[in-house]
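Reading through the structure tokens given below for one structure.
The values are calculated or read from the model by the stated rules, or taken from the named source; none is laboratory data. Every value quoted in this text rests on a predicted model; they were computed, and no experiment measured them. Neighbour counts are summed over all protein chains in view; Cβ atoms, including those assigned to glycine, are modelled from backbone coordinates with ideal geometry.
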Amino acid sequence: MKFSFLIRSSFCLSRALQLQSCDDDLGQSKIHLLVLSPRESSLGQLVRNQVERDCSGDFDIAYLQASEGVSIEQAIHHSVRKNGSRLLCLYHQHGDQVFEQVVFAGSKVLTLWIKQDAEIDVGRCSVVPVMRAPSAGIKTFFESRGWSLRDPVVWPDDNFSSQQLKIKIDEIAAQRDSPVSHQVVLSDLGALDSRHSHYELARSLILDQTRNLVVIARDGASYSEAFSSAIQKAANRVAPSMERQQRIDLANDLQMGSQLNLEFIGLMAAASMLASFGLLQNSASVIIGAMLIAPLMTPILGAGMALTQGNRPLFRSSLLTITLGFFSALLASMLFGLLFMVFREPVITDEMWARCAPSPLDLCVGLVGGIAASYARTRSHLSSALAGAAIAAALVPPIATVGLQTVFMRWAVTSKGTPVIGPLLLVSVNVLTIMIGSSFVLWVRGMRQESTSGHPWVLRSFAILALLVIMILIWMLQPIIFS
């Protein structure tokens, strides 16, 4: 079994070696020292000299530094995973709480965040668990030191303050006749998400100057993180994540394609006019041609990538491009409809009626089309599939139908469908589901950040998108429900 210790100073090194020397399990295990300093630095030399002089166990030393595109926190987690460590010990140092919090919250293995301000007589320690009963792994770790675990401190709700928690701990310690200097305050957060209120209470214990030894434990990834990790592993078996340069190239392509310009407006207008001609002529082949030249798919994929990366400026830019692209296509189809009325009587063809009665199946078409289009963009040899995805999504014909029916003043609802509103909802659900589906695929394929906890707007955006899709789905189901 392998254990990792994060070494940032001589203080961390002495604490790690002390813990290793007094623990039989650790003494017989592979110890992985993660030194946050170059090999030839004074700390690097100190670690090598002290390990060679004072330690007889199996030690492995890694020297970590931040590099281009890789933060020091990411380098730590990568090294822990690479070496197969089962436990990461992180010692608290004054002034480094923010860094320690990021490492602790992002760890995917059992992690101990330890504050130890003084030497402690292990035999006289009294462990006070708080928040929840310790897990089996934590119990084993503490009981190997001869520290018996008692009942945890429990409170009725999440409004418990840090001051109330400290008072409760002192009350329990007093009942055991245990001095504050020999209390081991253990907070096992289990698999809670880092935004949970219990995290703030646990961090307050680390900053409590009256306590010598505080241990906050976390069972690796939260349930949501574990689920996402399982999805990533399953996806990697089908298609490995893209290389770094491939991700950069794809991100640049989608960012450029999501920028509003005259070429985009011109292509949207041309595609809408072509779709209008096909709709009025009842010609499926012309309509398919309009789908192929419409560039609307790219900014939708760009919005999906923005959600996976927490890139708010790109998301705004993509939404602006999508919106103005929609109105340019709508205006072009209305102008084409006015021109058509000069020569012929307005007529609603079967191809137009086909876009007036969207069904739940159309929701699936947009979702699958978005998944296919985004996956094809991440696999260069599948670029030919983009045309099929564009045809399946059918974004421009419903917009053209809205414009033509508006100009023709056809509002009456018939058994064939609902003019204007029907195709408008169809294009809306296609855009929303493509955005959702593409964000999922791009996230799986590696177009993501290590953490989006600093981007709460992403979760709000997904919630809004899902709500809009549900509202449209309810409207689509009305004929079925009331029939």
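What do you reckon, is residue 267 at pLDDT 90 or above and surrounded by 21 or more Cβ atoms within 10 Å (Cβ to Cβ)?
On the way: at pLDDT 90 or above: yes; surrounded by 21 or more Cβ atoms within 10 Å (Cβ to Cβ): no.
Judged against the criteria, residue 267 is not a match.
Got at least one residue in segment 366-377 being closer than 29 Å to residue 246 by Cα, aromatic (Phe, Trp, Tyr) and either modelled with pLDDT of 80 or more or surrounded by 18 or more Cβ atoms within 10 Å (Cβ to Cβ) (or both)? Before you say what the answer is, go through the steps one by one.
The first filter runs over segment 366-377 and keeps only residues closer than 29 Å to residue 246 by Cα, leaving 366-377.
Going one step further and asking which of them are aromatic (Phe, Trp, Tyr), we end up with 375.
So of that shortlist, the ones also either modelled with pLDDT of 80 or more or surrounded by 18 or more Cβ atoms within 10 Å (Cβ to Cβ) (or both) come out as 375.
So far as segment 366-377 goes, yes, one or more of its residues are closer than 29 Å to residue 246 by Cα, aromatic (Phe, Trp, Tyr) and either modelled with pLDDT of 80 or more or surrounded by 18 or more Cβ atoms within 10 Å (Cβ to Cβ) (or both).
Would you point out which residue out of 314, 363, 338, 386 is modelled with pLDDT of 90 or more, within 26 Å of the chain's Cα centre (by Cα) and part of a helix (DSSP H, G or I)?
Details: 363 fails: modelled with pLDDT of 90 or more; 338 fails: within 26 Å of the chain's Cα centre (by Cα); 386 fails: modelled with pLDDT of 90 or more.
Sole residue among the options that is modelled with pLDDT of 90 or more, within 26 Å of the chain's Cα centre (by Cα) and part of a helix (DSSP H, G or I): 314.
Criterion first (at pLDDT below 95 and not in a helix (DSSP H, G or I)) does residue 295 satisfy it?
On the way: at pLDDT below 95: yes; not in a helix (DSSP H, G or I): yes.
Yes.
Table: residues versus (1) assigned by TED's automatic domain parsing to the domain that holds residue 330; (2) within 28 Å of the chain's Cα centre (by Cα); (3) surrounded by 22 or more Cβ atoms within 10 Å (Cβ to Cβ); (4) at pLDDT 90 or above.
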site: 398; (1), (2), (3), (4): yes, no, yes, yes
site: 405; (1), (2), (3), (4): yes, no, yes, yes
site: 415; (1), (2), (3), (4): yes, no, no, no
site: 418; (1), (2), (3), (4): yes, no, no, no
site: 421; (1), (2), (3), (4): yes, no, no, yes
site: 438; (1), (2), (3), (4): yes, yes, yes, no
site: 443; (1), (2), (3), (4): yes, yes, yes, no
site: 451; (1), (2), (3), (4): yes, yes, no, no
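With respect to residue 71, is the statement that it is under 23 Å from the mean Cα position of the chain (by Cα) and either in the same structural domain as residue 34 (by TED's automatic domain parsing) or at pLDDT below 85 (or both) true?
Values: under 23 Å from the mean Cα position of the chain (by Cα): yes; either in the same structural domain as residue 34 (by TED's automatic domain parsing) or at pLDDT below 85 (or both): yes.
Yes: the conditions hold for residue 71.
For segment 80-90, what are the residues that are crowded, with 19+ Cβ neighbours inside 10 Å and either aliphatic (A, V, I, L, M) or not in a strand (DSSP E or B) (or both)? Show your work before the answer.
Start the filter on segment 80-90 by keeping residues that are crowded, with 19+ Cβ neighbours inside 10 Å, which leaves 80, 85, 87-90.
Hits for segment 80-90 are 80, 85, 87, 88, 90.
Among (1) charged (D, E, K, R); (2) closer than 19 Å to residue 321 by Cβ; (3) modelled with pLDDT of 85 or more, there is one condition residue 351 misses while meeting the rest; what is its number?
The failed condition is (2).
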